[in-house]
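Participant: Take this structure, written in structure tokens, and hold onto it; I'll ask about it next.
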Amino acid sequence: MNASLPPPSAAPLAPTAQIKTTTCYMCACRCGIRVHLVDGKVRYIDGNPEHPLNRGVICAKGSSGIMKQYSPGRLTKPLMRKSDADRGAGEFEEISWERAFEVLAERLAKIRATDPKKFALFTGRDQMQALTGLFARQFGTPNYAAHGGFCSVNMAAGMIYTIGGSFWEFGGPDLDRARLFVMIGTAEDHHSNPLKIAISKFKRRGGRFVSVNPVRTGYSAIADEWVPIRPGTDGAFLLAVMHELVAAGLYDREFLVRYSNAGQLVNVDETSDAFGLLVSEPGQEEPVPDYPRNMLWWDRHTNGPVPTHQEGADPYLFGEFTLAGGTRVKPAFQLLEERLKQYTAEWAEGITGVPAATIRRLAHEMGITARDERIELPIAWTDCWGREHETVTGNPVAFHAMRGLAAHSNGFQTIRALAILMSLLGTIDRPGGFRHKAPFPRAIPPAAKTPKGPQGVQPNTPLGGLALGWPGSPDDLFIDEHGKPVRIDKAFSWEYPLAVHGLMHNVITNAWRGDPYRIDTLLIFMANMAWNSTMNTTEVRKMLNDRDEGGEYRIPFLVVCDAFHSEMSAFADLLLPDTTYLERHDVMSMLDRPISEFDGPVDSVRVPVVPPTGDCKPFQEVLIELGSRLALPAFAHPDGSRKYRDYPDFIVNFETEPGSGIGFLAGWRGKGGEKFMKGEPNPQQWEMYAQNNCVFHLPLPPSYQYMRNWNRGYMEWAQRARIRRYSDPVLVHIYSEVLQRFRLAATGKGGGKGGGREGGKAGAEGVERKPVRRPPEHLRSRIATYFDPLPFYYPPLEVQASDTRKYPLAAVTQRPMAMYHSWDSQNAWLRQIHTHNYLFVNPRTARLQGIEDGDWIWVESQWGKVRCMCRHSEAVEAGTVWTWNAIGKASGAWALAPDANESRKGFLLNHLITEELPVASDGGRISNSDPVTGQAGWYDVRVRISKAAPDEARETWPQFASMRAYPGMAGVRKLWQAYVAAGAMDGSGADRRRRR
Amino acid sequence: MTQLALVIDLNVCVGCQACVTSCKEWNTSGIAGYLSDDRPYDADPTGTFFNRVQTFEVGEYPNTQTVHFPKSCLHCEDPPCVPVCPTGASYKRAEDGIVLVDYDKCIGCKYCSWACPYGVREIDEHQKVMKKCTLCVDRIYDQKLPREERRPACVMACPTNARLFGDIHDPDSAVAVAIRERGGYQLMPEWGTHPANHYLPRRRTEIVIQPDELVRADNPLKVDGKLPKPSLKEPALDDVTSW
Amino acid sequence: MQPAFSVIFLTTLIGAGQGLFLALYTVELYSLFEFLPAQPGPAFYAPGTALAFALLALGLVASFFHLGRPERGWRAAARWRTSWLSREVIVLPAFMAATAAYWLAHWADWREPSVALGAALTIAPSVAIGAAATVLAFALFLCTGMIYACIKFLQEWATPLTVANYLMLGGASGFTLATLFAGRTAPELVPFLGGWAAVLTGIGFLTRAASLARNAGLKPKSSLQTAIGVKHPRVVQTAQGFMGGSFNTREFIHGRTRAFLRAIKWIFLVLAFPVPIALLGAGVAAGSSTLLAAAFAAQYAGLLAERWFFFAQANHPQNLYYQAIA
Ligand SMILES: Nc1nc2c(c(=O)[nH]1)N[C@H]1C(S)=C(S)[C@@H](COP(=O)(O)OP(=O)(O)OC[C@H]3O[C@@H](n4cnc5c(=O)[nH]c(N)nc54)[C@H](O)[C@@H]3O)O[C@H]1N2
Ligand SMILES: Nc1nc2c(c(=O)[nH]1)N[C@H]1C(S)=C(S)[C@@H](COP(=O)(O)OP(=O)(O)OC[C@H]3O[C@@H](n4cnc5c(=O)[nH]c(N)nc54)[C@H](O)[C@@H]3O)O[C@H]1N2
Ligand code: SF4
Ligand code: SF4
Ligand code: SF4
Ligand code: SF4
Ligand code: SF4
Ligand SMILES: [Mo]
């Protein structure tokens, strides 16, 4: 035998290894990990087999956590921009944390005492919106949001306004029981490992997997059928599928009748002030006025109007009827059917490029599988109307969709169409279909609201509502008396009324332009807004460094909290070095986006496994410290003294209201850790999490695991656990009254809230009506068009504004599975997998322009151009080009060499994407976003490609001045080398040529 | 005789690269390590990896298949890399069929890599010895690990469980069953190397719809009186026959 | 394959060394049977053998540059039962030892112990040592050739012609060098050696041309289809799994254009064969050492190119897996 490899029975590895469990954060999936330490250094990270999310598996990023921890790109010192240096030049001097806090506290205190909205706090792909949101609210600024607006708010809003839950972290496909799985526009998503586990099990069980995507990679690669679709046209595809289902009678009538508003009667009297609203039972008192239950059906047996869900009644889904008062009404489903008439498979073929026969066949596969493969589980449950059910049934057709639908400016209506399709098939929170995850389902719309106007923003006072909420009518908009936005990103204004996650992608442009107003301090946490999370990147970088006539920066003070040498960090006035995920406490809270499972709530924590590097400090601690210094009520006693020692102390002791028993963590509450969801603070809570793999999982009894929108047992439990305020059922909104209310306002109809409903209290004569808020003239037709209560298809706004003969190709990006946004170029292992990127083009499309595989090409949109390399691919729809997202980097960023492939060969598509579209009518500009939700329209851009001239540089364009290393960065490199050397057999370490 | 091997299921591999970096991570810190990296933060970074995941496109648009293809040493039953090694550093273990390199004997002549048709050996540019997948020999026999963790790092990591591990000579093992029943095949069979690692091919699930499934008595349109009926005025057989 | 200069020098240098020795020994044998008009003195054999030894030693030194761990080079003798490389590692020093002995025999002008073969023929120790060395020289050619020829999936190499080429090209260059050497030390042998050199070069041309012709018609046995086991006529790699290169993209791919490859082929075909034959002819006719030196220089340069081409032309099936990055 030999010396270096042991015989089969030897025990080789590191007897000194120590294992600590925590939660991964190489991406937002939040798997459980085990960190193996040798002499206090991270040596191996693997998946925690006892974690409910990943059950031991780990992904490419998670396994590369070591190289993040010891990356030379880490920031280790608080830094202040040198006063004579420009922003972006990256010239900093080291300061102490004390100094940093002084500067911040002084500046913020002044703002808070005068005009709190001049402080804006925006956060990127973080997982602590509960804390950042709390801080902003306590501060009193409305200008707070996280990444959702540029990420997938369409997915959240489109589904939550329809079924009270969504994909994303909120719910997903039940692949354990599905027979047919249709995945639309998904490359990777947040549920990375669990989805992979589930898909492979599903396939091995013989399930059929269809992927609708212009590109075939990743998951789509293993699909049984790939349906290449033209980007931005899924609405047409889904509507045509629904057309087929309704025409062939392949919908679950029983489900629709009882669990959706399909049978509810809609006022179709165009002259009525309540046109398009649901009619309700006259005069009945509503227990919860926000979520009225007194709608009407037209009963088939008695042939007359009855309250919905009346025992023994069964409504017509089709027809037109006249109420006693003469009001003409139709069941919502009739309106849907009328809408779908035009959307034939042949029509959709012309738009989507998917053959009509394929659309029809897929519709039949869905309908027949749902109908004939029905699942019945012997689980008794009681619905919200008191009806007992012996079994839980399910129609095993599951869907999953993500940004392929969301990141288009027609995404909201497309996603509504998808949610309605899922409802037609009867697959909502049922086995084999879509299933919710706590705290979903939520009411439609959820109860949280913003202030309704500028009066909600007052000096030295917490915000009079949440910074982000769920409008139910124009009355809930966050606008001033002239209809102008209160928020800097114009969310909840008439421009983007349901911008429930804000519009982070417009913050810099708006603040720079001073529209709607100028701000003073912008704090960016964990977002690379000078690079990949901004559209129109080149211009936005200029805006960040732009000064007004008086010589002052247009955005006077920029604070950035980052852990790495990102492109954004160079623009900071004050740069705060954050810890890594292995160095801090963190909470994946039920107040934010927890990691719940289908079977019940799950939340989790991170505990530090290694000490902070250099002087870096968890941003949580920064917020607690600032909150204390500013004496924000949640963080300080009335006498101004601080309430919480530090973040762990805050997490244990904070309650949403004194004595509420609701805090950031749901597990091990109560004095001795005996309570869950709700209970007094438990001083041992962290230890208990740490002893339990850092995760709290509360599986519910089977009878609470399904049909939760209408499950009395579950709803009452949820109410007791304070997940929900009300226990009323959440009916699927096939027909969206919320949207109709906005449309009425635009068409000069409707009374305020509950707006002029025929019948019920709100609309009854004699009740005083608030004046209806009406959109400004120039936005009326926009609102009237896009706030359609029934799903419809329109080409994305940018496509409408493009000459598609000049720019014939759609350009999209995809997430690479082995990279997280822009974070991982500093990761020595991951960057070997994706060192630079290509534009993938169908060979036939490329050759039309004489472009061969590997050629340098120009890609141009109306808004800009980039030079990059072309890779031929047969796995992309012929009218689409695509690339991996955020691989291209600015030269020198992320502690990479100035000539690293990322900045010389890699490119960023964002240069081609605009953050604003011209408004033809008034010459103004409006965000390049969904008109309903403000979701950034990343995937709407149209481009053309051409071969680069032979004399042009073989490198990407545009280029930016190389970033340099900051004070405090060099030391980390030594540490990293020490690590590798420690593992070396010959002590030489992986050497690295010195440069600079 | 035991022959340990990986069986890789191309039917579920999504090309996530988890097996690539988990392998690197385990082995760089373990007895096979470290696995050096060169120019880790400069142009053209490069390093030693035992396992790579590649992508192939099969067919022409729109009938394209994208195949993700993980590949590490296949632990050939008749490994051409072993007899050519002048030092005996490359060897195949009799007890379990794992092909290994003894780093202490290897002179870094690279000859074995020339003799491997699969391109899975890599010289470590710093230690100057030949390296390759060890089948995680330092995990799979480690008595300190719980039994279910005595599996290769890449197998533990793989989120789709596309990597099966076991003794292909034991007809009852999961790997042998998979090879037998799901069409397991070997790479480049033309060279007679008899790789122990096998691959499972793609399988396609289809739904066949019979026309009568679309016309059913329980059609919900009926309830609403919507099932289309021909107009009474249309001609019928009834009108013209008299017998 | 990526040509490695250490191996190019190793094989060309020892080839020339072996050839030179064989030339010297041929002269000795011819002399023994008195086929040669003149008998060269020890001034011919001993320095000639020293030169051959030097070439072998240089080759050996070059070979160390090929090793990642030269200090462990001795271990390479371990697997002679299976490895041609191991055999070469044994035979090369053995042959060097034999040449050293041969040198000593001539240098010290050993006459004893001699063996009488019949009345007319007495064999000096150098002849016996030379016979053994000759066997080793051929064995070494065989080993060197087989190192390449035994890798069956390097189809360009896996042919007896590979061994033949190593033999002929080594022999040719050795005889050319011997001719040049004789020009300085034993001019009367120049036509004899020059003639043989030309003949061997000619045969070398034929075997090398034969292998070129054979290789031109080779159909790769492996394809992307067999490499990944997917039976479809159109399989294309889009990503090899890493982008900045690896051992597998450096060691097995020459990275030069086809045109460059073709140019090298023509260079070696001209430099290694017709040019030396012409120069040999002219040199012998004119009795010019300069021309003979030019003949050897051209041939050696040609063989460096030939060896480069030999590697570069060999298409390793592993390259099927390393074709594209993305
Ligand atoms: N490894 C890794 N995982 C990640 C991330 C990461 O950066 N790396 N990012 C995380 C984040 S923040 C998010 S938001 C999620 C996003 O998760 P995904 O939504 O899965 O991510 P995208 O890469 O945007 O995928 C969009 C997919 O839609 C397709 N597509 C584009 N346009 C259309 C269209 O019009 N119709 C259809 N049908 N398809 C279309 C694209 O080809 C692509 O496959 O991923 C999360 N997970
Ligand atoms: N073209 C195009 N652009 C896109 C998308 C697209 O599909 N196509 N997708 C969009 C989507 S969905 C999203 S979510 C955004 C994501 O965009 P961003 O939220 O900007 O994501 P990152 O680029 O990863 O930037 C996050 C920043 O956080 C830093 N960071 C990492 N870890 C830590 C930490 O522990 N603490 C702190 N303080 N900082 C840390 C990183 O260094 C980096 O600077 O990109 C958007 N941009
Ligand atoms: S999926 Fe995300 S959280 Fe899970 S292991 Fe990978 S990087 Fe970590
Ligand atoms: S980890 Fe599994 S799914 Fe991912 S690339 Fe490797 S084999 Fe494929
Ligand atoms: S795959 Fe290559 S290295 Fe592995 S045993 Fe076979 S021939 Fe040897
Ligand atoms: S490189 Fe090492 S293992 Fe390979 S043949 Fe040479 S000595 Fe043997
Ligand atoms: S078995 Fe071990 S060494 Fe081999 S590829 Fe898997 S992780 Fe790497
Ligand atoms: Mo996102």
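Participant: Mind listing the long-range amide H neighbours of A:SER260? Cut-off is under 5 Å, sequence gap 5 or more, other chains count too, H placed in the peptide plane at 1.01 Å from N.
Facilitator: It is A:VAL732, by chain and number.
Participant: Also, I was wondering about something else. Please list, in order along the range C:76-83, the HN-Hα scalar couplings obtained from phi with the Karplus expression 6.51 cos²θ - 1.76 cosθ + 1.60 (θ = phi - 60°), rounded to whole Hz, x for Gly and Pro.
Facilitator: Couplings: 5, 7, 5, 10, 5, 5, 10, 10 Hz.
Participant: Post the alpha-carbon centroid distance, the range A:356-405 to the range C:99-174, in whole angstrom.
Facilitator: Centre-to-centre distance over Cα atoms comes out at 83 Å.
Participant: For the range C:1-105, which GluC sites (Glu not before Pro) pass both filters: DSSP loop (anything but H, G, I, E, B) and at most 16 other C-beta atoms within 10 Å?
Facilitator: The qualifying sites are C:GLU34.
Participant: Convex hull volume of the Cα atoms in the range A:800-960, per residue, in Å³?
Facilitator: On the way: hull volume 21.6 nm³, N = 161.
With only Cα atoms used, the range A:800-960 gives 134 Å³ per residue.
Participant: Take C:ALA132 and A:ARG328, extend 7 Å from each Cα along the Cα→Cβ direction, and tell me the distance between the two endpoints in nm.
Facilitator: Label at C:ALA132, label at A:ARG328, 11.8 nm between them.
Participant: What full-extension length gain, to one decimal in nm, is calculated for A:GLU98 and A:ASP899 as 0.36 nm per residue of separation minus the Cα-Cα distance? Please report the intermediate quantities before stating the final value.
Facilitator: On the way: separation 801, 0.36 × 801 = 288.36 nm, distance 3.72 nm.
So the chain would gain 284.6 nm between A:GLU98 and A:ASP899.
Participant: Simple spin-label model, 7 Å along Cα-to-Cβ: A:ALA448 to B:MET1 in nm?
Facilitator: 6.5
Participant: Tally Lys/Arg at +1 and Asp/Glu at -1 over every other residue whose Cβ is under 11 Å from the Cβ of A:ARG712; what's the total? Provide the component values of the computation, followed by the final result.
Facilitator: Numbers: positive: A:ARG387, A:ARG708; negative: A:ASP383, A:GLU388, A:GLU716, A:ASP728.
After counting each charged neighbour, the total is -2.
Participant: Give a residue-ordered list of calculated ³J(HN,Hα) values for the range A:698-709 (Karplus: 6.51 cos²θ - 1.76 cosθ + 1.60, θ = phi - 60°; whole Hz; x for Gly, Pro).
Facilitator: Result, rounded to whole Hz: 10, x, 8, x, x, 6, 9, 9, 10, 6, 5, 4.
Participant: Calculate the mean, over all residues of peptide A:216-228, of how many other protein chain Cβ atoms lie within 10 angstrom of the residue's Cβ.
Facilitator: 6
Participant: I would also like to ask the following. Near the amide H of A:ILE926, under 5 Å away, which other amide H atoms are found, from residues 5 or more places off or on another chain, if H is placed in the peptide plane?
Facilitator: A:LEU917, A:VAL919
Participant: Can you list the lysines whose alpha carbon is less than 18 Å from that of C:LYS221, not counting same-chain residues fewer than 8 positions off?
Facilitator: C:LYS152, C:LYS231
Participant: Determine the principal axes of the Cα atoms in chain B, then give the extent along each, sorted from largest to smallest and rounded to whole angstroms.
Facilitator: 101, 47, 40
Participant: Compute for chain C: radius of gyration divided by Kirkwood radius, i.e. Rg/Rh, restricted to C-alpha atoms, rounded to two decimals.
Facilitator: Numbers: Rg = 22.0 Å, Rh = 21.1 Å.
In chain C, Rg relative to Rh is 1.04.
Participant: Something else: Count the DSSP beta bridges whose two residues both fall in the range A:800-960, then state the antiparallel fraction as a percent rounded to the nearest 5.
Facilitator: 70
Participant: Between C:ALA210 and A:ASP372, take the C-beta separation as r, use R0 = 56 Å, and let me know the FRET efficiency to the nearest 0.05. Each step should come with its number before you reach the end.
Facilitator: Working: r = 70 Å, r/R0 = 1.25.
Step by step, r from the Cβ atoms, then E = 0.20.
Participant: What does the extension gain come out to for A:ARG925 and A:GLU50, with contour length at 0.36 nm per residue minus their alpha carbon separation?
Facilitator: 309.8 nm is the gain from fully extending A:ARG925 to A:GLU50.
Participant: Amide H of A:TYR44 versus every other amide H placed in the peptide plane: which residues, excluding those fewer than 5 positions away on the same chain, fall under 5 Å?
Facilitator: The answer is A:HIS36.
Participant: Where the convex hull is taken over the Cα atoms of chain A, what is its projected area averaged over directions, in nm²?
Facilitator: 41.3
Participant: Mind checking the mean number of beta-carbon atoms from other chains within 10 Å of the Cβ atoms in C:215-226?
Facilitator: 2
Participant: Between C:LEU121 and B:GLU95, how high is the FRET efficiency from 1/(1 + (r/R0)^6) when r is the Cβ-Cβ distance and R₀ = 56 Å? Nearest 0.05. All intermediate terms of the calculation are to be shown ahead of the outcome.
Facilitator: On the way: r = 60 Å, r/R0 = 1.07.
So, using R0 = 56 Å, E works out to roughly 0.40.
Participant: Applying 1/(1 + (r/R0)^6) with R0 = 30 Å to the Cβ-Cβ distance of A:ARG387 and B:LYS229, what FRET efficiency is obtained, to the nearest 0.05?
Facilitator: With a Förster radius of 30 Å, E is 0.35.
Participant: Work out the mean other chain Cβ neighbour count within 10 Å for the residues of C:318-325 and drop it here as an integer. Walk me through the intermediate numbers first.
Facilitator: On the way: counts 9, 1, 4, 10, 3, 2, 9, 8.
Per residue, the average neighbour count from other chains is 6.
Participant: Which value in nm describes the separation of the simple spin-label points at A:GLU657 and A:MET80, placed 7 Å from the Cα toward the beta carbon?
Facilitator: It is 4.3 nm.
Participant: Sorted by mean Cβ packing within 10 Å, highest first, what order do the peptides A:841-849, A:160-168 take?
Facilitator: A:160-168, A:841-849
Participant: Also, I was wondering about something else. Among the listed pairs A:LYS117/A:LYS678; A:LYS947/C:LYS265; A:LYS41/A:LYS196; A:LYS68/A:LYS889, which have their C-alpha atoms separated by more than 23 angstrom in this model?
Facilitator: From A:LYS117/A:LYS678; A:LYS947/C:LYS265; A:LYS41/A:LYS196; A:LYS68/A:LYS889, over 23 Å: A:LYS117/A:LYS678; A:LYS947/C:LYS265; A:LYS41/A:LYS196.
Participant: How long is the gain from A:ALA89 to A:LYS484 if the chain were fully straight, where each residue apart is worth 0.36 nm and the alpha carbon distance is subtracted?
Facilitator: Difference between extended and current length: 138.6 nm.
Participant: Report the far tail of the P(r) of the range A:18-58, meaning the percent of Cα-Cα pairs longer than 13 Å.
Facilitator: Above the 13 Å cut-off, the range A:18-58 has 46 percent of its Cα pairs.
Participant: For a label point 7 angstrom out from the Cα of C:PHE260 toward its Cβ, which stretches of the range C:277-309 have the backbone nitrogen within less than 13 Å?
Facilitator: Counting only backbone N, you get C:309.
Participant: What 222 nm value per residue comes from the helices of chain C, counting each DSSP H run with n ≥ 4 as -39,500 (n - 2.57) and dividing by all residues, nearest 500 deg cm²/dmol?
Facilitator: Numbers: 11 runs with 217 residues, N = 326.
Result for chain C: -23000 deg cm²/dmol, rounded to the nearest 500.
Participant: How many percent of DSSP beta bridges within the protein assembly as shown run antiparallel, rounded to 5?
Facilitator: Counting only bridges with both partners in the protein assembly as shown, antiparallel ones make up about 70 percent.
Participant: How do C:204-215, A:341-352, B:211-222 rank on mean C-beta neighbours within 10 Å, highest first?
Facilitator: Result, highest mean Cβ count within 10 Å first: A:341-352, C:204-215, B:211-222.
Participant: DSSP loop (so not H, G, I, E, B), at most 14 other Cβ within 10 Å: list which chymotrypsin sites (Phe, Trp or Tyr not before Pro) in the range A:51-107 pass both filters. Write out the running numbers ahead of the final one.
Facilitator: On the way: sites: A:TYR70, A:PHE92, A:TRP97, A:PHE101; in loops: A:TYR70.
Passing both the DSSP loop test and the Cβ count: no residue.
Participant: Output wanted: per-residue J couplings in Hz (rounded whole) for the range C:228-233, from phi through Karplus 6.51 cos²θ - 1.76 cosθ + 1.60, θ = phi - 60°, x for Gly and Pro.
Facilitator: Coupling constants for the range C:228-233: 10, x, 10, 9, 8, x Hz.
Values in this text are rule-based calculations from the coordinates and carry no lab data. If you're wondering where the values come from, they're calculated on a predicted model, not measured in any experiment. A quick note on method: Cβ atoms are made from the backbone with ideal geometry, for glycine too, and the neighbour counts reach across all protein chains shown.
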